[in-house]
Amino acid sequence: METLWGWLVFGALALSLASAATQDVCQAPDGTNGAAGTPGRPGRPGLKGERGDPGTPGIRTGIRGIKGDEGDPGPPGSPGKMGYPGPSGPMGAPGAPGLKGTKGHPGDINAQPRPAFSAVRRNPPTGGNVVIFDLVITNEEGRYQSNSGRFVCSVPGYYYFSFQVVSKWDICLSIMSSRKGQLPFSLGFCDLNSKGIFQVLSGSTVLQLQQGDQVWIEKDPVKGRIYQGSEADSVFNGFLIFPST
C-alpha cells in the first residue's frame, strides 16, 4: 500500500513538471481580435465640471450693420449748474397808459425858494480879473456875494444871468461858472470902441446849476477897462427860472 502511494506522488510531480515545460517551450501565438460588439447603453450624466479660463477675444471679420432705430427716451437727468446770464433782449413795446392819479395838494408859491439878485459897480476893490459889482440892489435868498462878485447856487435849477457894462475902450468880458470836479465854463463877449465914447457891452445866458456852483463876470487882462463914474452904471443880474431835481 505504501508503494502505491509513492507511485501516485511521483506521477503527479512528473505531470506537473511536464506541463510547465510545455508552456515555456510550445506556447501558441495570440489569435486575431474578434468583431466589435453592439454599443452599450448610455451612461449616467457625470458631475458638473469647474468653470474654465476665459477664452481669447475673437477676431472681428463681419461687416458693420446699418444704424438701428432710435431708442426710447431715458429718464430726465439731474439739473445742471446755472449758466452765465445771456445778453439783454430788445426793448419791449410800451405798456398801456396807467390810470390817472389823484389830484395833488395846492402848492404855495410863497414857500418856494426864489433866489434873485441885481448889483451895480460903484466903488469896487481894485486888482484881479473878477468884475465886482459892490452895490447890491436886490439879493433874494442872499446868494450873491458883493465882496467877491460871485453868485453861489443853493437851489439846483435853471438860472438866467445878464450883464450890461459901460466902457469907452475896447473891452472883452466873460460869464464864468464853476462846477464841482469840472473846469470852469466860459462864455465870452467883446466890443471894439475906436471913438472913445460911452458904449455898453451886454451879454446873457441860461445855465443849469447844482448846489455849490458859482457864477461871476471876468474881464480880459488886456481889454478889461470898465468905466466908473456917476454918468452911467454897470449892472449884473441873475435869477432862478425853475428848480430841477
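The values are calculated or read from the model by the stated rules, or taken from the named source; none is laboratory data. Remember, it's a predicted structure, so these values are computed and weren't measured experimentally. Cβ sites come from the backbone with ideal geometry, for glycine too, and all protein chains shown count toward neighbours. Each accessible area value is taken on the protein alone, full model and side chains, heavy atoms only, with ligands, DNA and RNA left out. Shrake-Rupley method; radii C 1.70, N 1.55, O 1.52, S 1.80 Å.
Values for this structure:
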read-out	value
Some residue of segment 29-41 being modelled with pLDDT of 75 or more, under 60 Å from the mean Cα position of the chain (by Cα), part of a loop (DSSP other than H, G, I, E, B) and hydrophobic (A, V, I, L, M, F, W, C)	no
Evaluation of LEU99 against (1) in contact with an Asp or Glu (Cβ under 7 Å, 6 or more places away or on another chain); (2) without any contact (Cβ under 8 Å) to a residue 60 or more places away in the chain (one fails), failing number	(1)
Odd one out for THR205 among (1) open to solvent by 20 Å² or more (accessible area, probe 1.4 Å); (2) modelled with pLDDT under 95; (3) not basic (Lys, Arg)	(2)
Qualifying residue in segment 133-141 (condition: among the aliphatic types (A, V, I, L, M), in a loop (DSSP other than H, G, I, E, B) and either at pLDDT below 85 or open to solvent by 80 Å² or more (accessible area, probe 1.4 Å) (or both))	no
Single condition ALA119 does not satisfy, out of (1) part of a loop (DSSP other than H, G, I, E, B); (2) touching a strand residue (DSSP E or B) at 6+ places or on another chain (Cβ under 9 Å)	(1)
Filter pass, ASP170 being among the acidic types (Asp, Glu) and open to solvent by 20 Å² or more (accessible area, probe 1.4 Å)	yes
Conditions (1) under 19 Å from ILE132 (Cα atoms); (2) free of Cβ contacts under 8 Å to residues at least 60 places away in the same chain: number failed by LEU209	(1)
Those strands (runs of 3 or more DSSP E) lying entirely in segment 143-245 with at least 3 residues hydrophobic (A, V, I, L, M, F, W, C) and more than 23 Å from PRO124 (Cα to Cα)	199-209, 235-243
Selection from segment 153-165 of residues that are closer than 23 Å to PHE189 by Cα, open to solvent by 20 Å² or more (accessible area, probe 1.4 Å) and not polar (S, T, N, Q)	TYR158, TYR160
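Residues checked against (1) among the hydroxyl-bearing types (Ser, Thr, Tyr); (2) surrounded by 10 or more Cβ atoms within 10 Å (Cβ to Cβ); (3) under 38 Å from the mean Cα position of the chain (by Cα); (4) farther than 23 Å from PRO243 by Cβ:
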{"residue": "PRO79", "(1), (2), (3), (4)": "no, no, yes, yes"}
{"residue": "GLY89", "(1), (2), (3), (4)": "no, no, yes, yes"}
{"residue": "LEU99", "(1), (2), (3), (4)": "no, no, yes, yes"}
{"residue": "LYS103", "(1), (2), (3), (4)": "no, no, no, no"}
{"residue": "GLN112", "(1), (2), (3), (4)": "no, yes, no, no"}
{"residue": "ALA119", "(1), (2), (3), (4)": "no, yes, no, no"}
{"residue": "ARG122", "(1), (2), (3), (4)": "no, yes, no, yes"}
